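The values are calculated or read from the model by the stated rules, or taken from the named source; none is laboratory data. The structure displayed is predicted, hence computed values, not measured ones. Here Cβ is always computed from backbone atoms with ideal geometry, including for glycine, and neighbour counts include all displayed protein chains.
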Amino acid sequence: ENNQQNSNDRSATIFQSCISETKLSGDALKGFRSMSIPKTQAEKCMMGCLMRKVNVINKGKFSVEEATKVAQKYYGTNETMMKKAKDLIDVCAKKAQSTTEECALAGIVTTCIVEEAQKAGLSGGPGSRSRRTVSPKFRRNSM
C-alpha cells in the first residue's frame, strides 16, 4: 500500500518539476491531461518533459524499452492488452524517428499513442480518462 503512495508522490514531483521547466500556466494546465493529444507547443513540451523524466524520451529518442515498462505498469499480466500495447509502441516508435526535438517528438508520440490506443480499444491505461491522471491536490495548487 505504501509503495503506491511513493509512486504517486514521485509522479507529483515529476509533474511539478515539468511545470516549472515548461512554465505551463494555470489555464494551460486545466486543459492539459496526461495522455490526451497535446495541441499547443507548451503542452507538447510538457509531455516531452514528463516523458524525459520517466526515460520514455532519452536524448531526443523515443525508447521502446521504457515505453513498454510503462505499459507493463498499467496492464501487467493482461497478455491481450500487453500485446496491443507493444504493437502500438512499435508503430509509434517508427513515427517518432522523424524528429529528435523533444517537444515535437512528444507531440508525435502522444498523438500516435492516443490514436492507436483508440483504434486498438486499449482502455484503463495511459489513454483512458481515469481520474488518476491529475489528482485533486494539483487542481487546488494550480488555481
Quiz item: Is there a residue in region 53-74 that is over 21 Å from LEU122 (Cα atoms) and in a helix (DSSP H, G or I)?
Solution: yes
Quiz item: Only one residue in LYS119, LYS86 is over 21 Å from GLN41 (Cβ atoms) and modelled with pLDDT of 95 or more. Which one?
Solution: LYS86
Quiz prompt | Filter result (touching a Phe, Trp or Tyr at 6+ places or on another chain (Cβ under 9 Å) and either among the polar types (S, T, N, Q) or under 19 Å from GLN16 (Cβ atoms) (or both)) within region 54-85 | solution = VAL56
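Yes/no per residue for (1) within 19 Å of PHE15 (Cα to Cα); (2) surrounded by fewer than 18 Cβ atoms within 10 Å (Cβ to Cβ):
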{"position": "GLY48", "(1), (2)": "yes, no"}
{"position": "VAL56", "(1), (2)": "yes, no"}
{"position": "LYS59", "(1), (2)": "no, yes"}
{"position": "VAL64", "(1), (2)": "no, yes"}
{"position": "TYR75", "(1), (2)": "no, no"}
{"position": "MET81", "(1), (2)": "no, no"}
{"position": "ALA85", "(1), (2)": "no, no"}
{"position": "ASP90", "(1), (2)": "no, yes"}
{"position": "LYS95", "(1), (2)": "no, yes"}
Exercise. Report yes if GLU79 is farther than 29 Å from ASP27 by Cα and within 13 Å of the chain's Cα centre (by Cα), otherwise no.
Key: no
Quiz prompt | Residue count, region 62-87 (criterion: touching a residue at least 24 places away in the same chain (Cβ under 8 Å) and out of contact with any Leu (no Cβ under 7 Å at 6 or more places or on another chain)) | solution = 7
Self-check item: region 1-29 residues that are outside any helix (DSSP H, G or I), paired with ones that are modelled with pLDDT under 85 (beta carbon under 8 Å, 6 or more apart)
Solution: LEU24/PHE32
Quiz item: If you check GLY26 against the conditions, is it closer than 20 Å to ILE113 by Cα and modelled with pLDDT under 95?
Solution: no
Quiz item: Regarding VAL91, is this residue in a helix (DSSP H, G or I), at pLDDT 90 or above, touching an Asp or Glu at 6+ places or on another chain (Cβ under 9 Å) and of a type in the set (Val, Ile, Thr)?
Solution: yes
